[in-house]
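Have a look at the structure below, then the notes.
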Amino acid sequence: MKKNLKKIAVLAGAAAIGLSTAACSSSSATVVNYKGGKITQDEYYEAMKDTSAGQSTLVSLIIYRTLKAQYGDKVSSKKINAEYNKYKKQYGSNFSTVLSYSGLTTKSFKQNLATNLYSVAALKDLKKPTTTQEKNWWKSYHTKTTVQHIVVDKKSTAETVIKKLKSGTSFATLAKKYSTDTATKKKAGKMAAFDSTDTNLSSTFKSAVWKLKEGEYTTTPVKTSSGYEVIKVLKTTEKGSYTKNKSFIDKQLYAKWAADSNTMTKIISKVLKKANVNIKDKDLKSKNLLANYLGTSSSSSSSSSSSSSSN
């Protein structure tokens with residue numbers, strides 16, 4: 001559960017520490033009292049900025065603020081709340097526990113969601129698909145396909161299934177008798193339709209499917225994490241033309257780029273450069289906190305930024 005939640009904060013990080021504190025203030029207001037002394041905001045700030053957690057929080061806050069300044073009008077609070085409620089519904093009564101376990105609060109989690117949504121808006125603004133990229137993606141794309149499969153524990157059992165298929169025994173009969181997949185065995189082994197963008201099925205499974213035509217089945221067992229499988233293609237939808245599917249293609253390309261850390265680092269770099277970020281604290285400035293995005297020096301950046309990306 002912790003891993004799943006942290007996936008949605010790739011750029012923001014675990015921004016749960018000190019975001020509401022007056023970190024840049026020169027105030028000496030008291031944060032903690034104890035017998036014989038106190039800890040002031042200045043002392044807390046000095047201690048926090050020397051820690052990796054404090055520095056990471058600052059970077060997260062910089063990215064969040066600069067993205068919001070440039071793309072806040074592209075993402076409504078309604079959309080952020082809808083995304084939040086989706087996760088809340090997914091985890092149900094465990095949601096608060098999962099947040100706490102992930103080092104997040106409601107506020108920091110919503111901020112992470114907002115950062116991700118802003119970053120996608122920046123991606124769509126700063127990186128445009130080329131015709132070559134679109135056509136190459138479309139060429140490699142496999143359309144919705146419906147299959148039957150039989151999953152068994154042993155290779156020899158899968159080979160027996162294949163022999164019986166060749167001798168004329170129906171797939172439904174063999175699935176009911178041999179398959180260990182309780183979700184599909186009573187449905188003649190039939191699975192929900194999927195295409196090449198599916199992330200739940202293994203590449204080995206999908207690779208075996210794409211080699212088959214309608215009505216064909218694998219003549220050698222396919223080894224997957226579930227065991228050994230025999231797969232039959234029932235139906236493949238028509239692919240259609242590239243021009244009529246351009247919107248779908250672009251959507252898939254953006255999803256692919258949004259999941260790629262190198263691509264998103266370049267996008268955030270453009271955003272930070274346009275924002276002309278300048279870290280004023282000399283100690284933090286010397287640490288080059290934004291070096292991953294701005295190169296060797298993170299103290300400041302050029303305010304010039306192209307509105308289109310090199311693809």
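With a 10 Å cut-off between alpha carbons and a GNM built on the chain, which of A183, A291, A258 moves the most?
A183
Mind checking the per residue accessible area of the chain for me, 1.4 Å probe, whole number of Å²?
58
Run the dipole for the chain about the Cα centre, Lys and Arg Cβ at +1, Asp and Glu Cβ at -1, nothing else charged, and hand back the magnitude in debye, nearest 20.
1100
On alpha-carbon atoms, Rg over Rh for the chain using Kirkwood Rh?
1.11
Mind ranking V75, V120 by accessible surface for me, highest first, 1.4 Å probe?
V120, V75
If a/c stays under 1.5 just call it rounded; otherwise compare a/b with b/c (prolate if a/b is bigger, oblate if not). Do that for segment 62-103, with a ≥ b ≥ c from the square roots of the Cα gyration tensor eigenvalues.
Oblate.
Between K144 and K110, 0.36 nm times their residue separation minus their Cα-Cα distance comes to what?
8.8 nm
Which value in nm describes the separation of the simple spin-label points at Q90 and A183, placed 7 Å from the Cα toward the beta carbon?
Those two pseudo-labels are separated by 1.6 nm.
Expressed in nm², what is the orientationally averaged projection area of the convex hull enclosing the Cα positions of segment 178-257?
For the Cα atoms of segment 178-257, the hull's average projected area reads 6.5 nm².
Checking the a/c ratio against 1.5 first, then a/b against b/c, what shape does the Cα gyration tensor give for segment 86-219?
It is oblate, given that a/c is not under 1.5 and a/b is not larger than b/c.
Determine, for each peptide in 38-46, 271-279, the mean count of other beta carbons within 10 angstrom over its residues, then list the peptides with the highest first.
271-279, 38-46
The values are calculated or read from the model by the stated rules, or taken from the named source; none is laboratory data. Just so it is clear, the structure is predicted and the values come from calculations on it, not from any experiment. Here Cβ is always computed from backbone atoms with ideal geometry, including for glycine, and neighbour counts include all displayed protein chains. When the accessible area is computed, the model is the full protein with side chains, heavy atoms only, and any ligands, DNA or RNA have been set aside. Shrake-Rupley method; radii C 1.70, N 1.55, O 1.52, S 1.80 Å.
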